[in-house]
Amino acid sequence: GESVGLHLPTLSVQEGDNSIINCAYSNSASDYFIWYKQESGKGPQFIIDIRSNMDKRQGQRVTVLLNKTVKHLSLQIAATQPGDSAVYFCAENIRSGGSYIPTFGRGTSLIVHP
Amino acid sequence: KAGVTQTPRYLIKTRGQQVTLSCSPISGHRSVSWYQQTPGQGLQFLFEYFSETQRNKGNFPGRFSGRQFSNSRSEMNVSTLELGDSALYLCASSSDPGTGMSEQYFGPGTRLTVT
């Protein structure tokens, strides 16, 4: 499959555990944040987003927490499954030209052991 | 509904050549963005087009250019290829109503190798 990065931080968990993936962002002007999942050989897949006027948002089995004070974002995956194994990226977005300019984190490799 | 398609999937070029990559967005999507992904730099934003206009551009040299057609299909061009341009080039489309905040759907990418 496609290599999305060398020496990525790795999180190894057992199936059924909860996973927490962290991301530090750099620009205090960023006001929109997205988490992506990328499986080997595929393009990134949108998981969940959050605007800067929120500090928590929940989806199906996933929760994103945003702490603007320390510029930190986290993705919590409940009851992690082997199919969750992938590289996870956060993206901070800055408003520009009626849209956003994204900056991506390097990613974290999640390995789920059956 | 068909997903985002990118052609070609794999490409090998020589330094100094130019290359054109193509992206067909999901039907009805007017926003198309391009990204470069490398092991060293990770995922980086190249540019975004919306209704045939470039709405935003990342920090890449002028050798990287793009355009969008009236049917929302997009192409990106890299001229005077360098070894460092070897990467996975990803295209993403969204049904953005104009706010910029809508889910992006990525294609599988074009793997470009420059020798």
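For the reader, a short list of remarks on this structure follows.
- All conditions in (1) within 14 Å of chain B (Cβ to nearest Cβ); (2) in a strand (DSSP E or B) hold for A:ARG106, with the sole exception of (2).
- Under the condition of being closer than 15 Å to A:CYS23 by Cα, within 14 Å of chain B (Cβ to nearest Cβ) and not small (Gly, Ala, Ser), the residues counted in segment A:66-103 number 8.
- Yes/no for A:THR63 being open to solvent by 10 Å² or more (accessible area, probe 1.4 Å) and within 12 Å of chain B (Cβ to nearest Cβ): no
- None of A:SER28, A:SER99 is at pLDDT below 95 and more than 29 Å from B:ALA87 (Cα to Cα) except A:SER28.
- Candidate set from segment B:1-12 (those that are part of a loop (DSSP other than H, G, I, E, B) and open to solvent by 70 Å² or more (accessible area, probe 1.4 Å)); member that is nearest to the other protein chains (Cβ to nearest Cβ): B:ARG9
- Residues located in segment B:24-35, provided they are open to solvent by less than 50 Å² (accessible area, probe 1.4 Å) and away from every other protein chain (no Cβ under 11 Å): B:SER24, B:PRO25, B:ILE26, B:HIS29, B:VAL32, B:TRP34
- Check on B:ARG15, within 14 Å of chain A (Cβ to nearest Cβ) and either of a type in the set (D, E, K, R) or under 23 Å from A:GLY107 (Cβ atoms) (or both): no
- Qualifying residues in segment B:53-72 (those that are within 18 Å of B:ASP85 (Cβ to Cβ) and not in a loop (DSSP other than H, G, I, E, B)) - the one farthest from the other protein chains (Cβ to nearest Cβ): B:SER65
- Hits in segment B:85-115 (condition: surrounded by 19 or more Cβ atoms within 10 Å (Cβ to Cβ), at pLDDT 95 or above and part of a loop (DSSP other than H, G, I, E, B)): B:GLY107, B:GLY109
- Count of residues meeting criterion [free of Cβ contacts under 8 Å to residues at least 60 places away in the same chain and open to solvent by less than 10 Å² (accessible area, probe 1.4 Å)] in segment B:65-84: 2
- Cβ separations smaller than 9 Å between residues 6+ apart or across chains give the following pairs from segment B:21-36 residues that are among the basic types (Lys, Arg) to residues that are open to solvent by less than 10 Å² (accessible area, probe 1.4 Å): B:ARG30/B:SER93; B:ARG30/B:SER94; B:ARG30/B:ASP96.
- Evaluating A:LEU8 against the criteria (1) at pLDDT below 95; (2) open to solvent by 50 Å² or more (accessible area, probe 1.4 Å) leaves one unmet condition, (2).
- Any hit, segment B:73-86, residues being under 25 Å from A:GLY105 (Cα atoms) and within 14 Å of chain A (Cβ to nearest Cβ): yes
- Taking segment A:31-48 as the range and being part of a loop (DSSP other than H, G, I, E, B) and at the interface with another protein chain (Cβ under 7 Å from one of its Cβ atoms) as the test, the residues that pass are A:LYS42, A:GLY43, A:PRO44.
The values are calculated or read from the model by the stated rules, or taken from the named source; none is laboratory data. None of the values given here were measured: they were computed from a predicted structure. Cβ sites come from the backbone with ideal geometry, for glycine too, and all protein chains shown count toward neighbours. Calculation scope for accessible area: heavy atoms of the full protein, side chains included, ligands and nucleic acids excluded. Shrake-Rupley method; radii C 1.70, N 1.55, O 1.52, S 1.80 Å.
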